[in-house]
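The values are calculated or read from the model by the stated rules, or taken from the named source; none is laboratory data. Here the structure is a predicted model, which means the values were calculated and not measured. All Cβ positions, glycine included, derive from the backbone under ideal geometry; neighbour counts span all protein chains shown.
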Amino acid sequence: MKDNLIRFDWAMKRLLRDKSNYVVLEGFLSTLLGEDLRICRFLESESNQEDATDKFNRADILVEDTRGRLLIVEVQNNRELDYFHRMLYGVSKTISEYINLGDAYDKVRKVYSINIVYFGLGQGKDYVYHGKTVFRGLHDPNDVLRLSARQQEIFIGKDAGDIFPEYYVLRVNDFDRVAKTPLDEWIKFLKTGEIDSSATAKGLPEARERLRIDSLPDAEKRAYIRDMEALRYQRSVIKTGWDEGHTEGLAEGRAEGRAEGLAEGEIQKAKEIAKTLKSMGVPMDTIVQSTQLSAEEIEQL
């Protein structure tokens with residue numbers, strides 16, 4: 001029987017900020033990082049809006065754990081060519097925002113950027129990727145630069161790279177196997193919204209009980225259904241547009257023997273998508289991110 005559960009990104013905006021529900025997000029983060037993590041508090045950022053129209057195609061949170069580390073969790077539904085750059089910007093901005101002017105450099109926080117994406121980001125065979133800084137010897141790649149004994153006493157980690165931000169990319173649509181590990185159980189939930197009755201990953205039993213749609217007040221339930229329908233339609237518009245644009249552009253390029261045919265076809269399709277999203281009242285920054293057109297180009301449509 002299919003679970004009647006709230007999507008994780010919507011729950012992050014509305015439900016998981018309640019201290020009584022921290023256990024769900026703590027379970028996800030602990031499973032991903034492979035350690036027992038406890039949330040100290042939620043930190044507000046410019047993208048922490050509750051209204052879906054404020055941040056139409058993404059939902060992110062910023063939390064601080066009991067060890068003083070900052071964790072960014074972002075869900076991205078639609079295609080963005082420069083998403084890796086946005087990950088870098090988000091981490092850099094967070095670091096700069098949470099250190100006071102005049103503080104010593106050792107006050108720089110350890111930051112984790114956790115990205116749950118529902119589109120084809122990059123190329124690879126796996127569905128979960130972890131990136132971190134490693135300082136390797138130029139002449140001996142096996143020689144990894146480590147912190148001194150004194151630095152290890154003061155700072156988190158043993159290697160110099162442990163001080164730097166770490167990134168996780170979860171390409172949930174690429175998960176197509178039976179969930180055999182706790183992380184797989186979480187990935188399946190993120191992809192399908194379902195939790196197997198046998199799932200025991202930390203936080204999932206609580207999610208099964210606390211994230212039920214039928215437990216929402218009527219107004220919240222209507223808002224949830226409305227947001228999911230809008231998201232589904234937007235994703236359909238963008239996916240269909242890009243698929244058709246790629247096919248038509250490629251055909252045009254072949255027919256006319258011009259390499260720029262594909263690019264021209266994609267630009268035209270991007271404009272058609274932008275028109276549709278604009279008529280739906282989607283925010284300008286979301287249309288720019290989804291189509292890669294400039295704000296000026298979109299305003300002229």
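Note on the range 128-152: residues that are assigned to a loop (DSSP other than H, G, I, E, B) and in contact with a Leu (Cβ under 7 Å, 6 or more places away or on another chain) amount to 1.
Give the residues of the range 62-120 that are touching a Cys at 6+ places or on another chain (Cβ under 8 Å) and among the charged types (D, E, K, R), sorted by residue number. Result: Glu64, Asp65.
Selection within the range 141-168: residues that are in contact with a strand residue (DSSP E or B) (Cβ under 8 Å, 6 or more places away or on another chain) and among the basic types (Lys, Arg). The member of this set that is nearest to Leu33 (Cα to Cα) is Lys158. Of note, Leu190 satisfies the criterion of being hydrophobic (A, V, I, L, M, F, W, C), within 21 Å of Arg14 (Cα to Cα) and surrounded by 14 or more Cβ atoms within 10 Å (Cβ to Cβ).
Which count do you get for residues in the range 74-114 that are loosely packed, with under 15 Cβ neighbours inside 10 Å and acidic (Asp, Glu)? Residues in the range 74-114 being loosely packed, with under 15 Cβ neighbours inside 10 Å and acidic (Asp, Glu): 4 in total.
Of all residues in the range 100-128, those that are more than 25 Å from Arg69 (Cβ to Cβ) have Cβ atoms under 7 Å from Cβ atoms of residues that are assigned to a loop (DSSP other than H, G, I, E, B) and among the polar types (S, T, N, Q), 6 or more apart or on another chain, in Tyr118/Asn77; Phe119/Asn78. As for the range 153-161, it holds no residue that is assigned to a helix (DSSP H, G or I) and touching a Gly at 6+ places or on another chain (Cβ under 7 Å).
Within the range 128-137, restricting attention to residues that are in contact with a helix residue (DSSP H, G or I) (Cβ under 8 Å, 6 or more places away or on another chain) and within 18 Å of Leu29 (Cβ to Cβ), the residue that is surrounded by the most Cβ atoms within 10 Å (Cβ to Cβ) is Val128. The sole residue among Tyr168, Tyr224 that is closer than 21 Å to Glu74 by Cα and assigned to a strand (DSSP E or B) is Tyr168. No other residue among Leu81, Leu121, Leu147 is assigned by TED's automatic domain parsing to the domain that holds Leu25, under 30 Å from Tyr224 (Cα atoms), modelled with pLDDT of 90 or more and not small (Gly, Ala, Ser) apart from Leu121.
Every condition in (1) farther than 22 Å from Arg86 by Cα; (2) at pLDDT 80 or above; (3) of a type outside the set (Gly, Ala, Ser) holds for Val237 except the one numbered (2).
Considering (1) at pLDDT below 95; (2) in contact with a Pro (Cβ under 9 Å, 6 or more places away or on another chain); (3) not in a loop (DSSP other than H, G, I, E, B), the lone condition that Arg41 does not fulfil carries the number (2). When Asp184 is tested against the conditions (1) within 18 Å of Asp9 (Cα to Cα); (2) in contact (Cβ under 8 Å) with a residue 12 or more places away in the chain, the lone failure is (2). Looking across Glu220, Glu252, one residue alone is modelled with pLDDT of 80 or more and over 28 Å from Arg86 (Cα atoms). It is Glu220. Only one entry of Asp65, Asp140, Asp162 meets the criterion of being surrounded by fewer than 11 Cβ atoms within 10 Å (Cβ to Cβ) and of a type in the set (D, E, K, R), and that entry is Asp140.
Scanning the range 192-217 for residues that are touching a residue at least 24 places away in the same chain (Cβ under 8 Å) and not hydrophobic (A, V, I, L, M, F, W, C) yields Gly193, Glu194, Lys202, Gly203, Glu206, Arg208, Arg210, Arg212, Asp214.
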